[in-house]
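Shown next, in structure tokens, is the structure this report addresses.
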Amino acid sequence: MLGERGTFSRIGFIVAAAGSAIGLGNIWKFPYITYANQGGSFVLIYLAAVVLIGAPIMIAEILIGRRTKKSPVGAFLELGKEVVGGRLWSAVGVLGVAAGFIILSYYSVVAGWTVYYFGRCLYWSATGFTAEIASGLGDAFGTFLANGALQVAFHAFFMLTTMVVISLGVQKGIERVTKTLMPVLFSLLALLCVVSVWSPGFQQAIGYLFHVGPIGRDGVLEAVGQAFFSLSLGMGAIITYGSYISRRVSIPRDAAFICALDTLIAMMASVVMFSIIFSVPEAERASQFTKSAVILFTTLPRMFYELPGGVLFAPLFYLLVAFAALTSTISLLEVVVSYFIDQRGWNRVRATFGVGSLVFLAGVGSALSFGASAGLSGWAPLGERNAGVFGVLDYLAANWLLPMGGLFIALFCGWFLSNRLTREELSQSGGYAGLHAAWKFLVRVVCPLAIAWIIAAVAGGKAFN
Ligand code: TRP
């Protein structure tokens, strides 16, 4: 049984985990939340959240996965046996599998948009991007969103691509694909960053990102929630990947590297986006960016085509975002699939296509909730702010499931696993003296308190997505 499980190479693990972390959360969500929170201070608090909450929980997840060589449910079953609570701990794993299923179902829909816009840009680049197209971008996006057939088709395409990769297995599928895509993504983004230096808005963009100003409580909450989502924490995705690595890997070093890379990409994406945003004259900007969440699909194409080389960079950019999304959907599907492989004894191909088809079907609800179906779009059990199937699911997953999962993972490592066990895992391949104690303090005290505070705030009615 053990021998049949896949294994990552050392680099393979880092690249796959970074690929999971780097996704729409970095390129789409981070810049728009940062913009909505007026930059500077938000970025600082986000960085603090990554270091004080994200990194320790990332270490905790890798540790749990590698120790047990099992996906979340099996991992908690095994480790839970020896501590108070016993089998009950497997509920944390079940919560994770459910969260993976839910997040993937709607994430794949947005991922499909990036593929669609890649195609559109190819077309515009070939046939010419006219002023007429430029002025109609917002309406075109709305029309696309409300087109049920297109929404479902691109969601299906994205799910199918994800399934093919997962069906090929850990090394031949996940590792090979992420190793190919991540360097391409990084190079493209670096190229765009360099190009943006010459855009008129570059200086202002940098100033906006790094100035320090006042920040509200809401901004602090959003920063912490974003850290969870962006680092793929709180639902066992990193536990699952951690279960495919060897004893020789240094957990703290790899975790630090993955967190740093994820943050770097979010910052690079922000530099690119803000350079474009600030290249728009101030008077126009206010009216154009009121709905910052849709910048990526409405204003951005026009900005690209105004830039020198836009014919090239516009399609490249959407291709890059699609790649980033794919390496994230891969990790989401792997969590659910590995549960059926490890706990139910299914073979990989059957688990992949069985589970993947169900996720696809579940996602159709989200795909039709952008106007195609009035009932699904208007469904608002949680209030108007999170209307529609997509809005409801994203709200539940990001604001409840991930922080709850993170809380239990931190508590489990901080209070239930023995010091002997955790120290043993952390000190392999050269741990630093004192590192274990510092990490233990973070997962024991700092993370639980911070997360409990978020959950209390969310319960008090504040959504932070
Ligand atoms: N981190 C990814 C992003 O930033 C999304 C993602 C992939 C994710 N796997 C996850 C989020 C697991 C939460 C949990 O886009």
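The values are calculated or read from the model by the stated rules, or taken from the named source; none is laboratory data. Everything quoted here is computed from the prediction, not taken from an experiment. So basically every Cβ, Gly included, is an ideal-geometry build from the backbone, and we count neighbours across all protein chains shown.
The figures follow:
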quantity: Any hit, region 410-424, residues being among the basic types (K, R) and out of contact with any helix residue (DSSP H, G or I) (no Cβ under 9 Å at 6 or more places or on another chain); calculated: yes
quantity: V164 vs. criteria in contact with a Phe, Trp or Tyr (Cβ under 8 Å, 6 or more places away or on another chain) and either surrounded by fewer than 24 Cβ atoms within 10 Å (Cβ to Cβ) or closer than 21 Å to L104 by Cα (or both); calculated: no
quantity: Spans of helices (runs of 4 or more DSSP H) in region 56-158 with at least 1 residues under 26 Å from L316 (Cα atoms); calculated: 90-127, 131-135, 137-146
quantity: Residues (away from the ligand (no atom under 16 Å from the Cβ) and either crowded, with 22+ Cβ neighbours inside 10 Å or assigned to a loop (DSSP other than H, G, I, E, B) (or both)) located in region 9-42; calculated: S9, N37, Q38, G39, F42
quantity: 1 or more residues in contact (Cβ under 8 Å) with a residue 24 or more places away in the chain and touching a Phe, Trp or Tyr at 6+ places or on another chain (Cβ under 6 Å): qualifying helices (runs of 4 or more DSSP H) within region 197-273; calculated: 202-210, 217-230
quantity: Filter result for G201 (away from the ligand (no atom under 16 Å from the Cβ) and in contact with a Ser or Thr (Cβ under 7 Å, 6 or more places away or on another chain)); calculated: yes
quantity: Looking only at region 1-59, and only at residues there that are among the charged types (D, E, K, R) and more than 14 Å from the chain's Cα centre (by Cα), the one that is modelled with the highest pLDDT; calculated: R10
quantity: Matching residues, region 227-237, being within 8 Å of the ligand (Cβ to nearest atom) and hydrophobic (A, V, I, L, M, F, W, C); calculated: F228, F229, L231, L233, M235, A237
quantity: Selected residue [within 14 Å of the ligand (Cβ to nearest atom) and under 24 Å from A397 (Cα atoms)] from V220, V224; calculated: V224
quantity: Scope region 387-423; condition within 30 Å of V152 (Cα to Cα), more than 18 Å from the chain's Cα centre (by Cα) and free of Cβ contacts under 8 Å to residues at least 24 places away in the same chain; matching residues; calculated: A387, G388
